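I have placed the structure first, in the form of structure tokens, so that the comments after it can refer back to it.
The values are calculated or read from the model by the stated rules, or taken from the named source; none is laboratory data. As the structure is a computational prediction, the values presented were derived from the model and not from experiment. All Cβ positions, even for glycine, are placed from backbone atoms using ideal geometry, and neighbour counts span all protein chains on display.
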Amino acid sequence: MDGNASAARFPLPSEIADAPGAEDWRSMYPYFTRFQPEDDQRFWFYNSMHFPEPMPAFDTVTAEIPYSAIGANTARVFVFPTTLGIEHRIVNGRVYITANPVTDPDEIGRRAALFGERAGYYYEHWDELYQGWKTRIKALIDEITSITVPELPEFEDPSVVTGATGVAQNHYVRENFHRCLDLFSRMWHHHTEFLMLGYGAYVVFFQFCKQAFPEISDQAVARMVAGIDVIMYRPDDELRGLARLAVEAGVDDLFTEGCSPAAVLAALAGRGEGGERWLAAFERAREPWFNVSTGDGFYHHHRSWSDDLTVPFAALPRYVAQVRDGSLASRPTEALRAERDRIASSYRDLLGSDEERAAFDQMLGLCRVVFPYVEDHKFYCEHWFTTQFFGKIRQFGALLARSGVLAEAEDVFQLHHTEIDQALSDVMLAWAAGSQPLGAAHFQPVVASRKRMLAALRDWSPPPALGPVPEALNDPAVHMLWGVTQQTIEAWLRPSEDAVRGCGASSGVVEGPARVLTDVNQIGEVRDGEILVCPVTAPSWAPVFGKIKAAVSDIGGSMSHAAIVAREYGMPAVVGTGDATKRISTGQLVRVDGDRGIVQVIG
Amino acid sequence: MTPRFTCGLADVGAVGVGAAGADAARAGGKAAALGELARAGMRVPSGFVIMVEAFGMAVQAADPSGALRAALGALPAGDLAGTARVAGDLRARVAAAALPPELAEEITAGYRSLGAGAVAVRSSATGEDSPEASFAGLQDTYLAVCGAEAVLDRVRACWASLYNDESAGYRRRQGIGEAGLAMAVVVQRMVRPRAAGVMFTRSPVTGDRSVVAIEGTWGLGSALVAGEVTPDSFTVSKVTGEITGRRTGAKLRSHSWEPNGPGISALPVPPALQGAPCLTDEEARALAELGRRVEGHFGAPQDIEWALLGDTPGDAAERIVLLQSRPETVWAARERAPVATPQPRAVDHVLARFRKAP
């Protein structure tokens, strides 16, 4: 790229051409997600952290509902003084976002008064409110799990008559579908109820540390705050436990590299008491811990461990081998806790005065109060709940497939939720009328066309940002959540030829062959000693960290999953590179410098 | 024979006059710090210090009546020519005057006890206001000095450096008298480092006390001090050991010395090494850890000269020697407002932050 700094700019939304082969992409998404002419005046960035792939029509619900909930909480419930909510747009299947700031000082003042009371109440009662939150979110999970998809029998069950329920099964098709969406919306409201407040406390501590220690790394700040008993590690801990049990019960010979989960489970059933014991433990671990998604809960095809056992079964042979040679360690929680406290007290000692130390104690204390939520909510929301949610939608897909509207259940995800509503109405009417639904002719060509478009959209390279570059982007929340800073924007504008740059999230320098994964389902391809290069990681990727030498991601800041796990494993990580998965190929020798946030291809 | 004028480096502060402050007055700051480090178990090249009494004797021999010193002290601050003339005269006499035999013998014996090989002869100033401190540099450090006669010459040259034009002019401007002048001299066995340099136990750029800033180059650190190379730099967290900054410099020349001396030679660095880091990450971390210990020992951020010995693999911490440590003064002198002060409730920090526009 030539030209000086002022000449460099991002394309305007109106300048984006339709991706070849997907010219009709707009038909997949609701009108309110389209860029408007006046959107050219604003700065948008591609939310590749949550949406690293083109959006199937149904999956836009994971943008629509979360943004509806997060904005409600920041703008209307807690009344953050300087920020309203987040707007999103879709172009060529990709989700772009912008935050709406409040800049009028009077307006900020008016909002600040309310914010002080409301946010203050939540911070002051955090532990108690968070306990209540867990109860409510578990109730939501129970509720979504218990939702049934009607079978639409030829004749209603006699209990409808004897119980005089007065409502036939076709009614529950729509009601239960709506309940799924309504519960998903409730879950997201609860998710964002605490989220921004949690991050807020962290941001304040983070900024204090950066001022007091201008050269402190983001990760050092994160390590002072990080929880030890984090739910995120639990699924992986369960796998280690199952590996130990396999050896103890004498069934470890079944866990070999490349083993098929179905074959292993079948063989275990014939292995007597040891096999039974293992299978029972496996079922116990599965619920809820295998609800962990291979993604981050934003795409229907990021299946959970329970849905697709190949991910956990790819990790088991290695853990079993480690049990045999005595090298399988548990997380050294006591040592981790001691190290966290040592780091915090070392920085504390280096502060300039007792006043600063007292302020440090207050801020760090508050962070540690809010952090259990920040670290654990994802398992409840994006993993456990969302796995159940997509599972139910898939069952509605099966109903539509049985009714002949769709060719197969999975096709339901090619329809927007309002279109599914229509298709279900069609099925309800046809069942009542004793006729055939009319949807096959309408929806099957639509589904086929959308699948082709999605494939074409995968080949489109979304610009990292659109619109005029802001004069200053110093919103620490944007930095923390998305890894987007002024420096990131500059790097986006001027990609360097020789090195991939990002946020150094875990220190150290190593070299090794790259393994580029663009799809989480390729996780089984990772080999020992490779350097993982991926769009973004999630808790279910944990087993892979036992194999790799370093992690590189397109998306993420110092508090992203890859950063946290890499620090715990003590391996270098560079996150938020923007485009590492595009610029690095599997097999290339790369050097990862987790101190400077640089990844170089060296051979 | 009990030494009267010299003291083993490791004994400075431990024996002799007793109190550390008084020892620093006799042995100078550099020797006192090196003695402290040695006794704290850190590696310091073995050596001895020629204490200030020897300087007093030498100056007395060079200016028996005190007339020259009196004349120098009486000159007005602006009289540069006069200062240069009188100081030059004194300088020449101090550098040339024969030492009292017992002093010369004691220095020679000290030199032999170091193995009679190559040594470094370095001045050790006695006070904060000393002009030597302001003009610290190469002129009062002599590297790879070989042979007893050469050592005696360089010791006299160190003493004479107190009468160079800059030092004398500085004293005139500051109104510092000539009577209380004193200087000690350190004689240490030369080291043959693979790399050497300086480190600050806080960031010289931001004042951040949580990091150690290291600069280094191939060979002797004199190439770096003399500004002949752009050194490699590393910033290492004291707390986590992370290397949070690094830059590889263009190290075109390196200083080294030969066993038969004399002095150091500047050699071109092979092209492949010019841009290669002179420290591994492990070595940078070991240096930072040592810097942290030194700071802890003295109770304040330090400005340290170090050398890393040999190319043999092994524990980096075992191969580092310290050549000097002195208190960091620039940031120490600055007042800084607290970044934050305690609030009635912890949440007030957050509420205040979010009331401001980002």
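Give the residues of the range A:123-136 that are in a helix (DSSP H, G or I) and either within 11 Å of chain B (Cβ to nearest Cβ) or touching a Leu at 6+ places or on another chain (Cβ under 6 Å) (or both), sorted by residue number. Steps first, answer last, please.
Taking the range A:123-136 first, the residues in a helix (DSSP H, G or I) are A:123-124, A:126-136.
Listed by number, the residues that qualify are A:Tyr123, A:Glu124, A:Trp126.
The single condition among (1) in a helix (DSSP H, G or I); (2) within 11 Å of another protein chain (Cβ to nearest Cβ) that B:Arg336 does not meet is (1).
Of all the residues that make up the range B:241-275, how many are assigned to a loop (DSSP other than H, G, I, E, B), within 14 Å of another protein chain (Cβ to nearest Cβ) and closer than 15 Å to B:Gly197 by Cβ?
Quick first cut of the range B:241-275, residues assigned to a loop (DSSP other than H, G, I, E, B) only: B:241-242, B:248-252, B:258-263, B:269-270, B:275.
Cutting the leftovers down to within 14 Å of another protein chain (Cβ to nearest Cβ) gives us B:241-242, B:248.
Now restrict to residues that are closer than 15 Å to B:Gly197 by Cβ: B:248.
Adding up the residues that qualify gives 1.
Filter the range A:82-110 down to the residues that are within 9 Å of another protein chain (Cβ to nearest Cβ) and of a type in the set (A, V, I, L, M), then identify the one that is surrounded by the most Cβ atoms within 10 Å (Cβ to Cβ). Let's see the steps before the verdict.
Within the range A:82-110, the first condition is being within 9 Å of another protein chain (Cβ to nearest Cβ), and the residues that meet it are A:82-83, A:101-103, A:105, A:108-109.
If we keep only those that are of a type in the set (A, V, I, L, M) as well, we get A:102, A:108.
Working: A:Val102: 18, A:Ile108: 20.
This residue is A:Ile108.
Does B:Arg326 meet the test of being at pLDDT 85 or above, within 20 Å of B:Ala33 (Cα to Cα), within 10 Å of chain A (Cβ to nearest Cβ) and surrounded by 14 or more Cβ atoms within 10 Å (Cβ to Cβ)? So B:Arg326 fails the test. Checking the conditions here, which among A:Val500, A:Val469 is modelled with pLDDT of 75 or more and out of contact with any strand residue (DSSP E or B) (no Cβ under 7 Å at 6 or more places or on another chain)? After ruling out the rest, the residue left standing is A:Val469. Looking only at residues of the range A:95-117 that are β-branched (Val, Ile, Thr) and assigned to a strand (DSSP E or B), we find that the one that is farthest from A:Met55 (Cα to Cα) is A:Thr98.
Could you grab me the full set of residues in the range A:244-254 that are touching a helix residue (DSSP H, G or I) at 6+ places or on another chain (Cβ under 7 Å) and free of Cβ contacts under 8 Å to residues at least 24 places away in the same chain? The one that is touching a helix residue (DSSP H, G or I) at 6+ places or on another chain (Cβ under 7 Å) and free of Cβ contacts under 8 Å to residues at least 24 places away in the same chain: A:Leu254.
Screening A:Gly483 on (1) surrounded by fewer than 20 Cβ atoms within 10 Å (Cβ to Cβ); (2) at pLDDT below 80; (3) within 18 Å of A:Gln219 (Cβ to Cβ) shows it passes everything except condition (1). For the criterion of being within 14 Å of chain B (Cβ to nearest Cβ) and modelled with pLDDT of 90 or more, A:Arg324 fails. Looking only at residues in the range A:558-603 that are more than 20 Å from the chain's Cα centre (by Cα), among the aliphatic types (A, V, I, L, M) and in a loop (DSSP other than H, G, I, E, B), the one that is surrounded by the fewest Cβ atoms within 10 Å (Cβ to Cβ) is A:Ile602.
Within the range B:205-220, take every residue that is more than 14 Å from every other protein chain (Cβ to nearest Cβ) and outside any loop (DSSP other than H, G, I, E, B) and give me the one that is surrounded by the fewest Cβ atoms within 10 Å (Cβ to Cβ). The qualifying residue surrounded by the fewest Cβ atoms within 10 Å (Cβ to Cβ) is B:Glu215. Restrict the check to the range A:60-68 and report whether at least one residue is within 18 Å of A:Thr192 (Cβ to Cβ), free of Cβ contacts under 8 Å to residues at least 12 places away in the same chain and away from every other protein chain (no Cβ under 13 Å). No, that holds for no residue.
Of the residues A:Gly120, A:Gly71, the single one that is facing chain B (nearest Cβ under 10 Å), at pLDDT below 95 and part of a helix (DSSP H, G or I) is A:Gly120.
Of the residues making up the range B:29-66, those that are over 14 Å from B:Val121 (Cα atoms) and touching a Ser or Thr at 6+ places or on another chain (Cβ under 7 Å) are B:Gly29, B:Ala33, B:Leu37, B:Val52.
Of all the listed residues (B:Ala223, B:Ala195), the sole one being outside any loop (DSSP other than H, G, I, E, B) and either touching a residue at least 60 places away in the same chain (Cβ under 8 Å) or within 14 Å of another protein chain (Cβ to nearest Cβ) (or both) is B:Ala195.
Having 3 or more residues that are within 22 Å of A:Val203 (Cβ to Cβ) is the bar; report the helices (runs of 4 or more DSSP H) wholly within the range A:268-369 that clear it. Reasoning before the result, please.
Numbers: elements: A:272-289, A:310-324, A:333-350.
It comes to A:333-350.
Just one of the listed residues (A:Ala430, A:Ala407) is part of a helix (DSSP H, G or I) and surrounded by fewer than 22 Cβ atoms within 10 Å (Cβ to Cβ), and it is A:Ala430. Every test in (1) in contact with a Leu (Cβ under 9 Å, 6 or more places away or on another chain); (2) facing another protein chain (nearest Cβ under 10 Å) is passed by A:Ala113 save one, and that test is (1). Within the range A:214-243, residues that are within 14 Å of chain B (Cβ to nearest Cβ) and over 16 Å from A:Ala338 (Cβ atoms) reach partners that are surrounded by fewer than 21 Cβ atoms within 10 Å (Cβ to Cβ) and of a type in the set (Gly, Ala, Ser) with beta carbons closer than 8 Å, at six or more positions or on different chains, in the pairs A:Pro214/B:Gly207; A:Glu215/B:Gly245. Run down A:Gly93, A:Gly85 and say which single residue is small (Gly, Ala, Ser) and modelled with pLDDT under 95. Only one candidate qualifies: A:Gly85. A:Arg342 satisfies every condition listed in (1) among the charged types (D, E, K, R); (2) within 28 Å of A:Glu238 (Cβ to Cβ); (3) surrounded by fewer than 21 Cβ atoms within 10 Å (Cβ to Cβ) except (2). Return the residue satisfying two criteria in turn: it lies in the range A:565-603 and is small (Gly, Ala, Ser) and within 22 Å of A:Met49 (Cβ to Cβ), and of such residues it is nearest to the other protein chains (Cβ to nearest Cβ). Ranking the candidates gives A:Gly594 first. Note on the range A:339-375: residues that are in contact (Cβ under 8 Å) with a residue 40 or more places away in the chain and facing chain B (nearest Cβ under 7 Å) total 8.
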